[in-house]
Amino acid sequence: MSEFVQYLVNGLTIGAFLALIALGYSMIYGVVRLINFAHGDVFMIGAFAGFGTLTTVGVSGGMAVPAMIAAVAVGALTTGIVGTGIAKAAYVPLLSSPRLALLIAAIGVSLALEEGVKVLTDARFKSYPTALDGGRIFSGAVRVTWGQLALVVISVALMAALWLFVTRTVTGTAMRALAMDRDAARLQGINVERLILTTFFIGSMLAGAAGVMYGLYYVQISFGMGFLIGLRAFTAAVLGGIGNLPGTMVAGVCIGLVQSFSAGYVSSRWTDVIIFGLLIAVLALRPTGLFGERVVERA
Amino acid sequence: MTPLTRRDRGRRSRLLSAAGAGLLLVPLAAACGSGDSGGSGGSGAIKIGVPAPLSGDSASAGQDILAAAKVAADEVNKAGGVDGRKIEIVEADDQCSAQQGAQAAQKLLNSKVVAVAGGYCSGAAVPAIPIYGRRSVPFVMDASTNPSLTDTGKGKVFRTCGRDDNQGLVAAKFMTGPLGAKRIALLHDNTTYAKGLADAAAKSVKQAGGQVVYEDALQPGQSDYSPVLTKVASTKPDVLYFTGYFAEAGLLMKQRKSLGLKFTLMGGDATTDSTVLKTAGSAADGYIATTAPLAKDLPAAAKFVSAYKAANNADPGPFSVYEYDAVKVVAKAIDDAGSTKGAAITGALHKIKDFPGITGPITFDDKGDRTDPLYITVQVKDGAFTAYKKLDKSGATWVDAKTS
């Protein structure tokens, strides 16, 4: 029983990351109908930006918490800017081209980011200064650390903020309008290009924040880290009904749980088979995702 | 879904490398003719190939290996070279993968290397061996420890490192001996090296009367191994022996600690990279690894260590000394052979007896393995790997590794 709870805790932690990254896929798909394959690498850039901040500022003594917050902020801002830059340079010029051109551009951007960081970081692993060490809430049969709790709380807070932004603000409403019909939105006086860039900014910021939190939690980062987690987050986005934000959040957590329980009750080497098998099954049986591609709430 | 394959242990370029090997390299290789080693003419530098993972998850190990090869070559050149000719190191990135391993081998042959000294992942060496073999270019490995490599190498493959059946035996003796473990869990990552070592350890554990309660693979590149560790813990082992690479080892230590698991964590010789210590921090304390002796515990290596530090401004990696010896022994063989023909160098390597390497005297048996066993255990103490225990000459009792 205690193992079951431990798998649950581990799965929720993994799922919190996946949900944050998956939201970016979902939002961007909503407004430009593009699976942004560079999104996982934007996440990686965030982790490196946070690493740069922490190693410059240092995390000794009382500086630990402010330094971590600063790192998350810098990571999110950096990826926001990088994400917007990518959209402006590589995607916006292709908006009226066939969809395939955008997809190929995204794959190109993904490889360029990865190889670029590889050259700049001499391809070695980088280790975050240990800031989240120790500190347990429960230390009986089931272990929960403060780090895990903070992760889940921050993820939920960010997701809630995003939800409020999309449903309660003018910009958010414009995003939803854009998701429903680009031409109609333009006729209503919405600046489509600027709105697309705003969406990239927000989606990339979430990925960047996730990247820094990932570094703080798992410590070890490398240029290739965004690839597998990006694919899994993409699976979560499809599973939740791409474009459907609440569905994506739930699906992200579900994939995390699948990862944890499959390692526990089947075998870790089957994890990817199960996750990507799920992707194929959803695409084949319910292409709109488990929760449906709800056009109205697409953002 | 996308032409990209999973994570960057080289698999990404599967399509590219398959196409590259198929379309470009095979015609080139054919054009170069076969049988003869190619040689590098009568003058100019003698080229020695160094394949290593220079990118991907194992890049830090590969770069340490390449740096050591350069130190060795510098030393040989400063002492007048080989037969009055300088030696030159030609590098090739094998990314620790079979696909890139084959491509790196072709690249080296196309650059007309007369011998190859290097490698890290056994999985990358497997496809490279027949490629070198067809051109009779001898291959001296510094770190690839899978037993099958020299078993199937037809006498043209050598290594300055040990063999995993040997390492597995030492690990099993250590776990059932000094650690007093009865229930042993084995975790690998499904690579040639890791699976081979886990299987060897399982066999020896059973022979030593221990019980293997868990043997399975983790999926490298995931970062979160808490579920795997929780699963391992449910089998109530005394020791977990992880036979994979250092990219995962540090994370396992850290996550074992935060889960509060009590079993001892041990690893193989691919986990002694300094990356592990940086990642795991204080969670690395007490971690034990089976490995060949590290540079700082080899008295003969002191001169090499200072030369390496001067050139690279960093400490040598765990396999740097073995790569240094590999390059030196190749240079010696070329000198002895008085020729750059592959067959002559191979013959000279087999004739080498008690070459004074910094890792001990080097003599190769018929297969190309070193004649004396190498493995010891090291333990993390105060944030560094320090020599711990080793088997004495009889192979039955454990003694302190430092006292000799």
Checklist entry - Say each of residue A:136 and residue A:63 gets a label point 7 Å from the Cα, pointing the same way as Cα to Cβ; how far apart are those two points in nm? => result 3.1 nm
Item to check | Computed FRET value (nearest 0.05) for residue B:399 with residue A:188, which takes r as the C-beta separation and R₀ as 60 Å | outcome: 0.15
Next on the checklist: Give me the one-decimal nm value for the distance between modelled label points at residue B:296 and residue A:81, 7 Å along each residue's Cα-to-Cβ direction.
Outcome noted: 4.0 nm
Checklist entry - How many nm separate the modelled label positions at residue B:154 and residue A:88, each set 7 Å beyond the Cα in the direction of the Cβ? => result 6.0 nm
Checklist entry - If you take the square roots of the eigenvalues of the alpha-carbon gyration tensor of chain B and sort them as a ≥ b ≥ c, do you get rounded (a/c under 1.5), prolate (a/b over b/c) or oblate? => result prolate
Next on the checklist: Just to be sure I follow the definition: excluding the sites themselves, where is the longest run in chain B that has none of the trypsin sites (Lys or Arg not before Pro) in a DSSP loop with at most 10 other Cβ atoms within 10 Å?
Outcome noted: B:1-261
Checklist entry - Using the count of nearby Cβ atoms within 10 Å as a rough guide to exposure, how do B:93, B:297 rank from fewest to most? => result B:297, B:93
Checklist entry - Which percent, nearest 5, of DSSP beta bridges in the protein assembly as shown are antiparallel? => result 40 percent
Checklist entry - Hey, what did the stretch A:2-297 get for relative contact order, percent, Cα under 8 Å, at least 6 apart? => result 36 percent
Next on the checklist: Let me check against my output: what whole-number percent is the relative contact order of the stretch A:207-253, with C-alpha pairs under 8 Å and at least 6 apart?
Outcome noted: 22 percent
Item to check | Residue with peak Gaussian network fluctuation, chain B [Cα springs, cutoff 10 Å], from B:226, B:320, B:204 | outcome: B:226
Checklist entry - Hey, got the dipole for chain A? About the Cα centre, +1 on K and R Cβ, -1 on D and E Cβ, debye to the nearest 20? => result 300 debye
Checklist outcome for this item: In a Gaussian network model of chain A with springs linking alpha carbons closer than 10 Å, the residue among A:155, A:97, A:260 that fluctuates most is A:97
Checklist entry - Looking at this model, which pairs from B:296/B:389; B:47/B:107; B:156/B:389; B:195/B:303 are more than 24 angstrom apart at the alpha-carbon? => result B:156/B:389; B:195/B:303
Checklist entry - What 222 nm value per residue comes from the helices of chain A, counting each DSSP H run with n ≥ 4 as -39,500 (n - 2.57) and dividing by all residues, nearest 500 deg cm²/dmol? => result -24500 deg cm²/dmol
Item to check | Rel. contact order, % - alpha carbon contacts under 8 angstrom, at least six apart, chain B | outcome: 16 percent
Next on the checklist: Quick check on the stretch A:80-234: take the gyration tensor over C-alpha atoms, sort the square-rooted eigenvalues as a ≥ b ≥ c, and tell me if it's rounded (a/c under 1.5), prolate or oblate.
Outcome noted: oblate
Next on the checklist: Mean-square fluctuation check for chain B, GNM, Cα pairs under 10 Å: which of B:314, B:59, B:233 is largest?
Outcome noted: B:314
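Each reported figure results from applying straightforward, stated rules to the coordinates on display, with no laboratory input. Small disclaimer: the values here were computed from a predicted structure and weren't measured. Backbone-built Cβ (ideal geometry, glycine too); neighbour counts: all protein chains shown.
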